[in-house]
Amino acid sequence: MTGPAATDPADLGLLEAATLLRGRGLSAAELLAACQSRIAARNGGEPTFDGAPGAVNAWVRLYPELADELARAADARLAAEGEAASLVCGIPLALKDLFAVRGLGLTASSRVLDGNVADADSAVWRRLRGHGMVLAGHSHTHEFAAGGTTDQVGNPWALDRSAGGSSGGSAAALATGMAPAAVGTDTAGSVRIPAALSGISSIKPTYGRVSDDGCIPLSPTLDHPGPMARSVADASALLIAMATEPGCDRDALVARLPLRPRGGPRPLQGLRVAVTGRPEAAGIEADVLAGLQAAHSAVERLGAQVAELQAPPDVAPQDSVTILFHEVWPYHAAHAARRDRYRPSIREFVDLAHEVHDPSTYEAAQARRVRVAAQWRAWFAEHDVDLLLEPTVPLTAQVRGHGYDSGNLGGEGDPLIVFTSTWNFTGFPVVAVPAGLGARSGLPVGVSLIGVPDSEPLLVQAAIDLQEHELPPLRLDADR
């Protein structure tokens with residue numbers, strides 16, 4: 001990818017590191033050691049529950065002994081299998097603290113689950129372990145993934161700002177070079193919001209593409225496990241591993257996921273990209289608008305036709321509230337006796353979920369949701385649209401520290417999810433790409449490309465091309 005060559009192995013992207021590992025120019029143990037040194041230098045001390053104003057605090061728990069063991073096993077596998085080894089073999093990983101790892105803590109960054117230990121592996125970790133990845137640690141989530149700020153984590157670009165959420169720890173670990181790959185979940189924007197605010201890349205796949213078995217749920221019909229990395233190509237490589245059982249052939253769609261940009265001056269020739277009035281209706285910040293305009297011009301320069309179209313109706317606010325909160329309660333009902341251990345806003349979030357848990361209202365809302373998704377599918381087809389371009393979030397990273405205060409429930413009305421939540425309710429795949437630093441704020445801004453379900457090969461290829469030729473990955477200065 002574009003950008004200066006990495007001199008510290010911790011600065012290598014996933015694919016860069018994979019090339020060196022498979023060519024034996026770098027060992028998994030050496031790569032892990034570099035990432036562990038970076039963690040010591042940039043995390044801001046040992047992982048803590050609440051974080052500190054001057055700390056990134058991306059991690060809930062680190063696993064140095066396990067990581068060393070996994071790195072040694074990866075080196076042995078790479079030596080034995082060579083080019084036949086999995087592409088992600090030996091790559092250090094930040095795993096969001098929702099994914100179970102047998103015998104390790106699983107707490108969703110909450111005191112409600114203090115002392116909880118997983119008795120089985122989640123499907124995602126089982127697959128990634130089978131591919132030879134190296135678990136560096138569990139990364140912080142907004143408590144139980146129920147918000148978009150992850151306030152115990154500092155944004156690496158400005159520690160007084162939010163890294164975004166709910167996969168904020170994963171994004172911060174990537175942006176600081178503490179890990180080259182991370183896994184998050186996305187219920188209303190949670191791999192895309194932190195991508196935009198922390199300046200990294202992520203993919204929310206089509207609903208159901210990646211198993212959520214063994215992952216602490218927020219809203220099961222909206223939850224999407226997704227890959228996060230510093231580039232789209234790296235995230236694509238991680239998605240392939242997350243969606244593939246080791247030792248089994250990839251399904252046809254996953255086998256077509258791209259890893260490299262196309263050459264030539266107009267790689268997007270023949271694509272029709274839509275923009276709508278949704279950004280104007282949301283009142284986006286000037287820096288975000290500038291990033292959107294830059295992306296608009298970039299896709300045109302790369303050969304795409306851009307069409308300005310009116311968007312179909314979105315999911316009704318009351319339906320989104322009904323679906324989300326109805327699905328939240330079944331898991332949290334088991335923790336009612338420990339409700340005093342939730343942070344204030346999450347306690348209110350769970351209490352509201354209890355109040356609105358109504359099966360008949362829920363079923364009607366789900367039926368209307370299906371119709372909205374069908375309207376979006378028809379809209380793409382009617383207008384011959386390949387991809388939709390829009391901002392990921394309408395603002396840059398806000399001052400951290402208020403996401404857990406009473407009254408910060410998240411959900412409908414939260415500006416962070418004004419664009420992102422649509423694609424959880426419809427199940428459409430999305431790639432989030434950095435679009436530079438804002439001229440006014442100096443903070444990352446991001447855009448998203450959206451496609452219809454099962455369009456990941458086309459969608460990811462377009463995003464890789466855009467990132468390679470026009471909107472390069474952001475690199476954090478070493479002195480930040």
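Please report the equivalent ellipsoid semi-axes of the stretch 128-246, computed as sqrt(5 x eigenvalue) of the Cα gyration tensor, largest first, in whole Å.
Working through the eigenvalues yields semi-axes of 21, 16, 12 Å.
If you roll a 1.4 Å probe over the stretch 352-480 with all protein chains in place, what percent of the accessible area is carbon or sulfur?
Summing carbon and sulfur atoms, their accessible area is 51 percent of the total for the stretch 352-480.
Return the whole-Å distance between the Cα centroid of the stretch 314-331 and the Cα centroid of the stretch 122-192.
24
Residues of the stretch 402-477: accessible area per residue at 1.4 Å, in Å²?
Solvent-accessible surface per residue comes out at 30 Å².
What does the charge dipole of the stretch 300-377 about its Cα centre add up to, to the nearest 20 debye, if the Cβ of each Lys and Arg holds +1 and the Cβ of each Asp and Glu holds -1?
With only Lys, Arg, Asp and Glu charged at Cβ, the dipole is about 260 debye.
Cα convex hull of the stretch 212-353: mean projected area in nm², to one decimal?
Over every viewing direction, the Cα hull of the stretch 212-353 projects on average to 13.2 nm².
Taking the stretch 340-480 as the region of interest, what is the percent of Cα-Cα pairs per 5 angstrom bin, listed from the shortest bin to the one with the maximum distance?
Final binned percentages: 2, 8, 13, 15, 16, 15, 14, 10, 6, 2, 0, 0.
If you take the Cα Rg of the stretch 417-467 and divide it by 2.2 N^0.38 Å, with N the number of residues, what do you get?
1.28
When all C-alpha to C-alpha distances in the stretch 48-91 are sorted into bins of 5 Å, what percent of pairs does each bin hold, rounded to whole numbers?
Going from the shortest bin to the longest, the percentages are 5, 20, 18, 13, 12, 11, 10, 7, 4, 0.
If you average the sequence gap of Cα pairs under 8 Å that are 6 or more apart and divide by the length of the chain, what percent do you get for the contact order?
18
Using helices alone, what [θ] at 222 nm do you get for the chain, with -39,500 (n - 2.57) per DSSP H run of 4 or more residues, divided over all residues and rounded to the nearest 500?
Only helices count here, giving -11000 deg cm²/dmol.
Given a 1.4 angstrom probe, what's the average accessible area per residue across the stretch 239-358, in square angstrom?
Per residue, the stretch 239-358 has an accessible area of 49 Å².
Mind ordering 340-353, 388-401 by average Cβ neighbours within 10 Å, highest first?
Highest-to-lowest ranking by the protection proxy: 388-401, 340-353.
Using only the alpha-carbon atoms of the stretch 144-187 as identical scatterers, what base-10 log of I(q)/I(0) does the Debye formula give at q = 0.32 Å⁻¹?
These q points yield log10 I(q)/I(0) values of -1.14.
Could you work out the percent of alpha carbon pairs in the stretch 297-388 separated by over 23 Å, rounded to a whole number?
So the pairs more than 23 Å apart make up 49 percent of the total in the stretch 297-388.
What do you get when you divide the Cα radius of gyration of the stretch 1-108 by 2.2 N^0.38 Å, with N the number of residues?
Ratio of Rg to 2.2 N^0.38 Å for the stretch 1-108: 1.16.
Project the alpha carbons of the stretch 199-266 onto their principal axes and report the range along each, largest first, in whole Å.
Largest to smallest, the principal-axis extents are 43, 33, 17 Å.
Once you put a point 7 Å from the Cα of residue 255 and another 7 Å from the Cα of residue 307, both along the Cβ direction, what distance in nm separates them?
Between residue 255 and residue 307, the simple spin-label model gives 3.2 nm.
Treating the chain as a set of equal point scatterers at the Cα positions, no solvent, please give the Debye-formula log₁₀ I(q)/I(0) at q = 0.08 Å⁻¹.
-0.41
Compute the signed sum of charges (Lys and Arg +1, Asp and Glu -1) over the other residues within less than 12 Å, Cβ to Cβ, of residue 75.
0
The values are calculated or read from the model by the stated rules, or taken from the named source; none is laboratory data. Please read all numbers here as calculations on a predicted model, not as lab measurements. No Cβ is skipped: glycine too gets one built from the backbone with ideal geometry, and neighbour counts run over all protein chains shown. Surface accessibility is based on the protein's heavy atoms, side chains included, excluding ligands, DNA and RNA. Shrake-Rupley method; radii C 1.70, N 1.55, O 1.52, S 1.80 Å.
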